[in-house]
Amino acid sequence: MNLHDKKELYLTVQATDNGRPPLSDICTFKVTVTDINDNNPSFDSSDYNTHVNEDAKENSEVMRVFAYDVDDGENSRLTYSFGIDERFSKYFKIDSDTGVVYLVQTLGKGKKDMKFNNTVTVSDNGVHPNSVRAEVSIVVVGSDKLPPVIIRRDPERQLVLPEDFSDYSKKLVTIEAESSMEDKEVAFELVKGKTAQTNKDQTFVLTPENENTAYIKLIRPLDYETVTEYMLTVCLRNKNSMETSVNIPIKIEDVNDETPTFLEFLRGSVVENNLPGAQAMQVRAIDKDGTAANNIVSYELVDNLDKFSIDITTGVITSNVPFDREDVPLYHHLTIPPSALIKDSEAPNSVIQTFQISIEDQNDNKPQFNKPMYTFSNISERANKASLVGEVRAEDKDTASIITYSIIEGNEGSAFYIENTTGRIRVHNELDFETIERYNMTIRAFDGEYEDTANVVISILNENDEFPRFEEYTKRIKFEEEKLIEGCIITMTAYDPDIKNRSADQHIIFEVGKDQKEFLNVSNDGCVRLTKPLDRDPPYGNPTRQVFIHALDNDGGTDSLRTHAEITIVLEDINDNAPFLNVTEIVWYENQEPGLISKLSADDYDTPRNGPPFKFSLASSISYEIGEKFSISGDELYARVTFDREERKYYDIAITITDSGIPALSGSSILRVIIGDVNDNEAQDGESSIFVYKYVNGADTDIEIGRVYVEDPDDWDLPDKVFVQQNSFEEFGLNSSNNGMILMKPTTNAGTYIVNYEVTESHLPNIPSHTVKAVVSITVKDIVEEAVRKSGSIRMKGITMEEFVSKSESGMSKKDILQQQFAKIVNTSIVNVDVFTVLQSPNKNSSFIDVRFSAHGSPYYAPERLNNKITEHQDKLYQRLSSVSVLKLTKGYQPVTVIVLWIDCELKQYTRTELAATAHHQQNKFSSVFLHRHQIVLKSENIDRQ
């Protein structure tokens, strides 16, 4: 707050309780803002300069200094003083209250042009005084220079003006002066101060009338409530720059010019049924006039005088009669004119304001439901918690009464709850039609004193929310395998809990689990039947079957629920599987004396009671040679002669095995006896050729391209050989494991290389140490990226990869024939055709291989052209390739990148066991050899895989 903005404030506070109805009262406070000393005094000039005659008499006025302080009271009362200066204080003194400077004594002759300086200080009279300073300079002049003298001031005393004075032409104060010199002219100045009281706003002006007379008049309205008095300062100066000044006080009188103003709060209230005299409200008005009785307010009512009275002094309005809110809840036209009292006969200032007085409710009526019974039907038993059931409503004429709702009876299992303020009934717990179909509840409406009740009936809708249930049944059933049983293997019974009457149609249908539909079905009466015999034995049978029978309610409709029963079928074994050998390949080395080869062992898919012990014998279908060379005694196989691997590498023996079942079963198995190799033949010089397609963007590691080849009937003797390269080719080397595998550097240039090797063999005592020579012709051809990207492709059926690359007696392989035919088809040289990829087809069918090729003139032919040419000449290719079927590859097939093809290699057939024992020997010819689905397949070497 700032005292200088407003010295008085009126604050009205309303207090309201939380009762029903809420009652309130108001109280108006008058706040008087007390001043604090927060402003410094301020001089009306920053310095003061004047002249004094050397002949001026003692106590003559020399000058006036003036300061002001905008604070109030003692904080604005000012005291003036000079600084301590002995020379200055000898001649000059200042009135501490008025600021007028006087001579202490006559200056006397000889002081002319003498200058006296000092500091004047003005301080307020606050508890903690504030002060400011200004410089004062007084110059002594000769006796011929005198200040002007005021000879007349009219009026001489304080001027009093009413605040409504408005005669702006009237001369309020007239001043006449002599110049004290020959030139009679005097200059008059009305000083403009720094506060409203010192004419900062130029409320008054001074007008010269002649050379030595001036007068003061009013030019702005006066307002007692703003400024109560003025202190005007008039300065007079002659042409000798000698000056004098005079202070003119003007007092402003208050007049009744302010209209009373009502404060806020235009609404009151009185509680119905109260006795007369109850206070309804208190009104407050203020009058801004500054003096009594101009600011004393009185009150009176204009209308509704029969209902209300008002206290003339306090403004308190009270009731004259009891009220009933249900009759008239509100009075709008209560008007109240406050008046500012005056002491004369003139009419006071007044204003009319409309107020509102409401009749507050009292709880004198009971609540009533708008109907005695509420019915809510088809409430789903699946309803979620908090789901809305319905709404009840009660009304109360007493608006202040708050009605609360509650369930007081019939809410079994707390199935429902009611919102206590809205009357909405909601689901609280799970509903179940099968438990309770209807709820009869009593609800209450209560306003704190009175109550009413109503009945609520809630009917539950039966939903399909219960899963079917199976009656007790046999969970494990047994019967023989491979037997189609007539009739039901089991009969299932189920019921729907949603149907209370168990003797009624349950509307249940049955289904078999989808994985069991191939051998079972079930009728709607629950009869489970076998549709085909079941096998319990490996490899495709199982001794048990897990079966699921599903029960669906609602006749299997879209909203049906289902459950399942689990049944285990146990199959009893019958002797329906013949025994078989579980070892079908064994090795018997050449050059051994006749004797025991191996014990025979067999398996039977039937259970042990229909299995071992087994009986073994040579089958009746064996050849004479087999019967002469092999025999069986009990479960032992014997060799009757000495064998030579170079004569025959293996024998397939048909053996009959009989189990111990009732009745017994017999079966035949082929046992292959592989004649193991013994190194009993010396190696001879050999030659071989290797053709390598090298991808120019291939791997940066050494590549195994093949093995050094020498002539040797023995094929299991690789560990007896040592390989040494004779040529100093940087491009080629041998594997560090010394198994004869040739390595090619990835930087090898295209061309043909003849590489010589020495192979030393030793296997004592049969083979003495000796050395033979091997010559390997290695042809390297680059395949560029464009060749791969623009390659064509075909798929062949009925041929393996090794058959595709192996040469026939004519010296031509099917790969060579295909390459030759490609050249003719695309009309280019055979050297411009490259068959660089052969792969087993990825469709897992061993009878298909995929071949990729490229051809170029300049540049490489597009793959679309190559594939179209293959399609056009498919029949011709088939004829040239004999029984091989040529198929166009499906669009988008991309075999892995370039591989190494082996040419000029002798192909042989090997059994599984032979392969395990002879792999090292075969690797003289192939990168690696492995068994896939009982066929020998060459491994294709990848140069790059992308």
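Show M373, M796 ordered by accessible area, largest first, where the area counts protein heavy atoms only and the probe is 1.4 Å. It would help to have the intermediate numbers written out before the result.
Details: M373 100, M796 0 Å².
The ranking, largest first, comes out as M373, M796.
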Based on alpha-carbon atoms only, what is the radius of gyration of the chain relative to the globular estimate 2.2 N^0.38 Å? 2.23
Keeping all protein chains in the complex and leaving out DNA, RNA and ligands, what accessible area do you get for H763 with a 1.4 Å probe, in Å² to the nearest 10? 60 Å²
Sequence of M181, M812, M63 from largest to smallest accessible area, 1.4 Å probe: M812, M181, M63
Computed over the chain: longest principal axis from alpha-carbon atoms vs helix 814-826 long axis, angle to nearest 10 degrees, is 60 degrees
Of every hundred units of 1.4 Å-probe accessible area on segment 672-785, the number belonging to carbon and sulfur atoms, as a percent, is 47 percent
Size of the dipole of the chain about the Cα centre, Lys and Arg at +1 and Asp and Glu at -1 on the beta carbon, nothing else charged, in debye to 20? 3280 debye
Sorted by average packing, counted as other Cβ atoms within 10 angstrom per residue and highest first, what order do 149-162, 668-681 take? 668-681, 149-162
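Do the sum for the chain: with -39,500 (n - 2.57) for every DSSP H run of n ≥ 4, divided by all residues, what is the mean residue ellipticity at 222 nm, to the nearest 500 deg cm²/dmol?
Estimated from H runs of four or more residues: -1500 deg cm²/dmol.
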Heavy-atom accessible area of D327 with all protein chains present, probe 1.4 Å, nearest 10 Å²? 110 Å²
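At R0 = 45 Å, how high is the FRET efficiency between C488 and R609 if r is their beta carbon distance? Nearest 0.05 is fine. Walk me through the numbers before you get to the answer.
Numbers: r = 29 Å, r/R0 = 0.64.
Here the calculated transfer efficiency is 0.95.
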Helix axis angle, 863-872 relative to the chain longest principal axis, alpha carbon, degrees: 40 degrees
Using the Cα gyration tensor of segment 701-835, with a ≥ b ≥ c the square roots of its eigenvalues, what is the shape: rounded (a/c below 1.5), prolate (a/b larger than b/c) or oblate (neither)? prolate
Pairs over 30 Å Cα to Cα, from K599/K721; K194/K239; K814/K869; K478/K514, come to K599/K721
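Can you compute the FRET efficiency between E211 and V139 using 1/(1 + (r/R0)^6), with r the Cβ-Cβ distance and R0 = 22 Å? Round to the nearest 0.05. Intermediate values should be presented prior to the final figure.
Working: r = 26 Å, r/R0 = 1.17.
Efficiency, from the Cβ-Cβ distance: 0.30.
Restrict the search to segment 511-588; then list the chymotrypsin sites (Phe, Trp or Tyr not before Pro) that DSSP places in a loop and that have at most 14 other Cβ atoms within 10 Å of their Cβ. If you can, show how the numbers build up before the last one.
Values: sites: F519, Y540, F548, F580, W588; in loops: F519, Y540.
Those satisfying the criteria are Y540.
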Suppose R0 equals 30 Å; then what is the FRET efficiency for T563 and T442 from their Cβ-Cβ distance, rounded to the nearest 0.05? 0.15
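Given a 1.4 angstrom probe, what's the average accessible area per residue across segment 595-640, in square angstrom?
Working: 2580 Å² over 46 residues.
Per residue, segment 595-640 has an accessible area of 56 Å².
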Ordering E761, E786, E451, E135 from largest to smallest accessible area (1.4 angstrom probe), what's the sequence? E135, E451, E786, E761
State in Å² the accessible area per residue of segment 221-328; use a 1.4 Å probe, count heavy atoms of protein chains only, and round to the nearest integer. 46 Å²
Tell me the label-point distance for the pair E434, Q105, using the 7 Å Cα-to-Cβ offset, in nm and rounded to one decimal. 13.2 nm
Within segment 725-742: backbone nitrogen closer than 15 Å to the T771 label point (7 Å, Cα to C-beta): 725-728
Test of the criteria: in segment 570-623, which GluC sites (Glu not before Pro) are in a DSSP loop and have at most 12 other Cβ atoms within 10 angstrom of their Cβ? none
Could you report segment 401-542's accessible area per residue, 1.4 Å probe, as an integer in Å²? 55 Å²
Of the GluC sites (Glu not before Pro) in segment 183-263, those whose Cβ has at most 14 other Cβ within 10 Å and which sit in DSSP loop: E185, E211
Pop a pseudo-label 7 angstrom from the Cα along the beta-carbon direction at both N735 and T228 and give the gap in nm to one decimal. 12.5 nm
With all protein chains present, calculate the accessible area of Y91 using a 1.4 Å probe and round the result to the nearest 10 Å². 20 Å²
Quick check: residue separation of A699 and A504 times 0.36 nm, minus the Cα distance between them. What number comes out in nm? 62.2 nm
In degrees rounded to 10, the 0-90 angle between helix 912-922 Cα long axis and the longest Cα principal axis of the chain is 90 degrees
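By the gyration tensor of its Cα atoms, with a ≥ b ≥ c the square roots of the eigenvalues, what is the shape of segment 115-215: rounded for a/c under 1.5, prolate for a/b over b/c, or oblate?
Values: a/c = 2.58, a/b = 1.05, b/c = 2.45.
Verdict is oblate for segment 115-215.
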Net charge near E391 (other residues with Cβ under 15 Å of its Cβ; Lys, Arg +1; Asp, Glu -1) is +2
Taking the mean number of other Cβ atoms within 10 Å as a proxy for protection, how do you rank 283-290, 453-460, 803-810 from highest to lowest? 283-290, 453-460, 803-810
Which aspartates and glutamates does K824 reach when only Cα atoms under 20 Å apart count, and residues fewer than 8 places away in its own chain are ignored? D816, D834, E864, E872, D875
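Once neighbouring chains are kept in place and the probe is 1.4 Å, which whole percent of the accessible area of segment 424-509 is contributed by carbon and sulfur? Walk me through the numbers before you get to the answer.
On the way: 2060 of 4830 Å².
The computed percentage sits at 43.
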Across every pair of different alpha-carbon atoms, what Kirkwood hydrodynamic radius in Å does segment 85-160 reach? 15.4 Å
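The values are calculated or read from the model by the stated rules, or taken from the named source; none is laboratory data. Just so it is clear, the structure is predicted and the values come from calculations on it, not from any experiment. Here the Cβ is made from the backbone with ideal geometry for all residues, glycine too, and neighbour counts use every protein chain on show. All accessible areas refer to the heavy atoms of the entire protein, side chains included, with ligands and DNA or RNA removed. Shrake-Rupley method; radii C 1.70, N 1.55, O 1.52, S 1.80 Å.
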